[in-house]
Amino acid sequence: MTSPNQVLQGDSCQPNAYKFSPALPSRYKTDGIFKALAWAAVVISLTVLVVLLADVANDGISRINWNFLTSFPSRRPAESGLLSALVGTIWVMALVALFSFPIGVGAGIFLEEFIADSFFENIVEVNIANLAAVPSIIYGLLGLQVFVRWLFPITGGRTILSGALTLTLLILPIIIIATRESLRAVPSSLRQAGFALGATRWQVVREIIFPQALPGILTGVILALSRAIGETAPLITIGALTFIAFLPPLSLQGLRTTFSVLPIQVFNWVSRPQAEFHLLAAGGIIVLMVMLLLMNGIAIYLRNRFQQNR
């Protein structure tokens, strides 16, 4: 009987035996080339990002002052500010977080934990994955028809509420997918242990599964809100303004007022031919990035805190 060593080494008594040749040197060489290309791509991307950020900071840091943050847009660059766009961004993002977190997380939990693998569940999963890749301008057209026109008696038309609902639709697929992946990462043994103790499915999800998956869910929410805060096309489509010289009232009535946001204000300044407005746009980009970093920092802090308490 032929031994495994004879087969691997191609023994003379087995002339047709398969000769195993791992070709390790060529594989290590290929691996090294791929690793070098990957590092080169990372370095080039970071270099371009650093150059862009340095250029924006060099142009816009001189414009950052109290008057810039507390003044309304103006036709005169020296008097122009972004107060209305800044407040509008805070309004819209607060509403987007308020709408998207419970709806997206709830939908993810329902699809992952309470619906068995079925034809309906497969159709929903495929559609959610496809919606995550739909261009943002399509959501703008949807928001224009549904929230601005059909639901005009509720939203008031081209208002803060319409913009927040449109951006909520935009990021819901991302939050749902992130929620489901986080729930799948929780070991099944925890579910079985909860059922063994006599807990219902809802009790297992609420007391065991959801706390374990919450850090991953918050990561998905961070990424989704980071995308929403920089979106411009959907808000332009539904009719967000580029020049507003007032602030919405701090009441429910404020949800039904016209608005502007930082990306639209920056876009407006960039489109102007005067160089002074381009400097204002650079300052607006810096403020937008600071807001994004603060928002992400708070979310990361909450994620780490929940992760330590698991």
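We did not get these values from a lab; they are worked out from the coordinates using the rules stated. Computed from a prediction, not measured in an experiment: that's the story for all the values here. Cβ coordinates were reconstructed from backbone atoms using ideal geometry, including for glycine residues, and neighbour counts include every protein chain displayed.
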Inset, instruction - Please work out how much length the chain gains when fully extended from Ala38 to Trp202, using 0.36 nm per residue of separation minus the C-alpha to C-alpha distance, in nm with one decimal. - result: 54.6 nm
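Could you rank the peptides 112-125, 92-105 by their average count of other C-beta atoms within 10 Å per residue, with the highest value first? Provide the component values of the computation, followed by the final result.
Values: 112-125: 11.8, 92-105: 18.8.
Ranked from most to least packed, the peptides come out as 92-105, 112-125.
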Inset, instruction - Pull out a ≥ b ≥ c, the square roots of the eigenvalues of the alpha-carbon gyration tensor of the chain, then state rounded if a/c is under 1.5, prolate if not and a/b is larger than b/c, and oblate in the remaining case. - result: oblate
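Order 126-135, 283-292, 174-183 from most to least packed using the mean count of other Cβ atoms within 10 Å. Mind dumping the intermediate values first?
On the way: 126-135: 12.5, 283-292: 19.4, 174-183: 22.9.
In descending order of packing, they fall as 174-183, 283-292, 126-135.
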Legend entry - Taking the chain and dividing mean pair separation by its residue count, relative contact order in percent (alpha carbons under 8 Å, at least six apart): 24
Inset, instruction - Convert each backbone phi in the stretch 152-162 into a coupling constant with the Karplus relation 6.51 cos²θ - 1.76 cosθ + 1.60 (shift: θ = phi - 60°), then list the ³J(HN,Hα) values in order as whole Hz, x for Gly and Pro. - result: 4, x, 8, 7, x, x, 7, 10, 4, 4, 5
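Quote the FRET efficiency, to the nearest 0.05, computed for Thr70 versus Asn296 with a Förster distance R0 of 25 Å and r equal to the Cβ-Cβ distance. Don't jump to the answer; show the numbers that get you there.
Details: r = 25 Å, r/R0 = 0.99.
After rounding to 0.05, the efficiency reads 0.50.
Indicate the gyration tensor shape class of the stretch 234-274 (rounded, prolate or oblate), computed on the Cα atoms with a ≥ b ≥ c the square roots of the eigenvalues: a/c under 1.5 is rounded; otherwise a/b larger than b/c is prolate and the rest oblate.
On the way: a/c = 3.38, a/b = 1.96, b/c = 1.72.
Judged from the Cα gyration tensor, the stretch 234-274 comes out prolate (a/c at least 1.5, a/b above b/c).
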Legend entry - Chain lengthening between Glu276 and Thr47 when straightened (0.36 nm per residue, less Cα-Cα): 79.7 nm
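Which order do the peptides 40-53, 68-81 take when ranked by the mean count of other beta-carbon atoms within 10 Å per residue, highest first?
Values: 40-53: 10.3, 68-81: 14.6.
Listed from highest to lowest mean packing, they are 68-81, 40-53.
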Inset, instruction - Please report how far the C-alpha centroid of the stretch 55-113 lies from that of the stretch 187-223, rounded to the nearest whole angstrom. - result: 33
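Calculate, for Gln253 and Ala133, the FRET efficiency according to 1/(1 + (r/R0)^6) with r their C-beta to C-beta distance and R0 35 Å; round to the nearest 0.05. Provide the component values of the computation, followed by the final result.
Values: r = 37 Å, r/R0 = 1.06.
According to the calculation, E is roughly 0.40.
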